[in-house]
Amino acid sequence: MPNSLEKRFPNAKNIARTSISVLPTPVQKVCAGNDFSLWIKRDDLTSADYGGNKIRKLEYLFGDAKKTAKTEVWTVGAIGSHHVLATCIHAQNLGFKSAALHFPQPITEHVRTNIKALSTTHPKLHLIGHKTGLPKALFKVKLKEWLSTEPQVYYIPGGGSSAMGTLGYVNAALELCDQIDEGHLPCPDEVYVAAGTCGTLAGLTLGFAMAGKKIKTIGVRVVEKFVSNIPLACRLANQTSDILRAHHVDAPKLKHADFHIINDAFGAGYGLPTDEGMKCVQAYKNIVKLEPTYTAKTVAAMHRFAKPNLNILYWHTLSGADLSKRVQRADLSNLPDTYLDFFEDSQ
Ligand SMILES: Cc1ncc(COP(=O)(O)O)c(C=O)c1O
């Protein structure tokens, strides 16, 4: 089935893609007691196995990996990373082997659940002691790629945010435009979305520009600034635009001024909850499930910055898949010994 990008731009069918998601995801009108009108784009529902925003990127990344005859995917992320979990679950479903380079983050129940779920996918795991060791560890991975010592490996950068992965959110933006054109919602004035590695923000901004829709996409920065910033988002969008143009799809070049990032909802650090975020977790508990690291901070920023009388859309990026059965099957003995420390006080 063609996706929204391929329907509008048939040449995009020549870009490899492996379908692993259930699209389009619904949009929901919400009464959350605000003075703006609020809709939620439910990307929590992209897959029953494991959904959220990563799945849209992985469709293109696995497509590219298959096209280039790779059999193993390697990626990187924090120890509770949704991206690493999404990659390993869908890699297993598609018959790829997987490996991940992990770095530490504050340990919460949510993080422990993700590690347990990850253990069911049998990835090769390597944990570095501190985030500062990441450049060296990543360099080693890149060196293997450059020297082609592991020709079977497809390397997926953190958050799945390569130009290829970002195509998934160009498609997502065009999917929302279809829903607007079909009358499911009015055209939002502003879209709020979590900004980590910025692939989601870059893809949405590019996709709305391709559709000629005047929608201001606002990324809420939830990671350190050196990872998440406007020059980086703009460069990623333009690399994605290059892929599209190489396939004869009309995509514009964007400027820094086309991007918007809110910097002051981050709090004390990556993975550390903020008070305003935790209030939103409570306030939204009957609407969608928020977690402290990404989605709670994003919703809190939206409530702080969205102006009255506007049509606002919150793009929900957290997987809504039920992991309980997978967690029951968890086998911590599949994990390297160093990971057991994270469970010491939780039994
Ligand atoms: C739930 C959730 N939302 C948003 C993001 C950020 O997306 P991106 O890395 O594309 O900026 C992530 C990244 O890991 C995530 O797990």
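Computed from the coordinates by the stated procedures, all read-outs in this text should not be read as laboratory data. On a predicted model such as this, the values are computed, not experimentally measured, just so you know. Glycine gets a Cβ as well: all are built from the backbone with ideal geometry, and neighbour counts include every protein chain shown.
Shown for D178, D43: other C-beta atoms within 10 Å of each C-beta, ranked fewest to most, produce the order D178, D43. Considering only alpha-carbon pairs that sit under 8 angstrom and 6 or more positions apart, the relative contact order computed for the stretch 55-160 is 37 percent.
Working from Cα pairs under 8 Å separated by at least six residues, relative contact order for the chain is 23 percent. Of the residues G51, L38, P24, the one whose Cα sits farthest toward the positive end of the charge dipole of the stretch 9-51, with +1 on the Cβ of Lys and Arg and -1 on the Cβ of Asp and Glu, is P24.
Between E109 and Q152, the simple label model (points 7 Å from Cα in the Cβ direction) yields a spacing of 4.0 nm. Between the beta carbons of A283 and K225, assuming R0 = 41 Å, the FRET efficiency works out to 0.90 to the nearest 0.05.
If exposed trypsin sites (Lys or Arg not before Pro) are those in a DSSP loop with at most 12 other Cβ within 10 Å, what is the longest stretch of the chain that has none?
After excluding every exposed loop site, the longest remaining stretch is 1-213.
So which GluC sites (Glu not before Pro) in the stretch 148-245 are both in a DSSP loop and have at most 11 other Cβ atoms within 10 Å of their Cβ? Sparse-neighbourhood loop GluC sites (Glu not before Pro): E182.
Fewest neighbouring Cβ atoms within 10 Å first, the residues D64, D331 line up as D331, D64. Which percent of the Cα-Cα distances in the stretch 55-160 go past 24 Å? Counting pairs separated by more than 24 Å, the tail of P(r) holds 19 percent.
Output the Kirkwood hydrodynamic radius of the stretch 38-91, Cα pairs only, in Å rounded to one decimal.
On the way: mean 1/r = 0.0826 Å⁻¹.
Computed over the stretch 38-91, the radius equals 12.1 Å.
Count Lys and Arg as plus one, Asp and Glu as minus one, and take only other residues whose Cβ is under 9 Å from that of A16; the net charge is then +2.
Per-residue ellipticity at 222 nm for the chain, helices alone: DSSP H runs ≥ 4 residues times -39500 (n - 2.57), over residue total, nearest 500 deg cm²/dmol?
Values: 11 runs with 130 residues, N = 347.
That comes out to -11500 deg cm²/dmol.
Each residue of the stretch 160-171 was assigned a 3J(HN,Hα) from its phi angle through the Karplus curve 6.51 cos²θ - 1.76 cosθ + 1.60 (θ = phi - 60°); the sequence is x, 8, 8, 4, 5, x, 5, 4, x, 8, 5, 4 Hz, with glycine and proline shown as x.
Across every direction, the projection of the convex hull enclosing the Cα atoms of the stretch 248-346 has a mean area of 12.0 nm².
Report the Stokes-Einstein translational diffusion coefficient (µm² s⁻¹, integer) for the chain, Rh taken as the Kirkwood radius over Cα pairs, at 25 °C with viscosity 0.890 mPa s. All intermediate terms of the calculation are to be shown ahead of the outcome.
Values: Rh = 20.3 Å.
Result for D is 121 µm²/s.
The residues L340, L335, when put in order of fewest to most other Cβ atoms within 10 Å, stand as L340, L335.
Full extension of the chain between R245 and K131 yields a length gain of 37.4 nm, computed as 0.36 nm times the residue separation minus the alpha carbon distance. Scalar couplings 3J(HN,Hα) for the stretch 236-248, obtained by applying the Karplus form with A = 6.51, B = -1.76, C = 1.60 to θ = phi - 60°, are 4, 4, 6, 5, 5, 4, 4, 4, 5, 5, 4, 9, 6 Hz; x denotes Gly and Pro. Between T217 and V191, the built amide H atoms are under 5 Å apart, and every one of these is 5 or more places off in sequence or on another chain.
When both the stretch 203-247 and the stretch 265-285 are represented by their alpha-carbon centers, they are found 25 Å apart. The separation of the stretch 153-198 from the stretch 1-62, counted between C-alpha centres, amounts to 7 Å.
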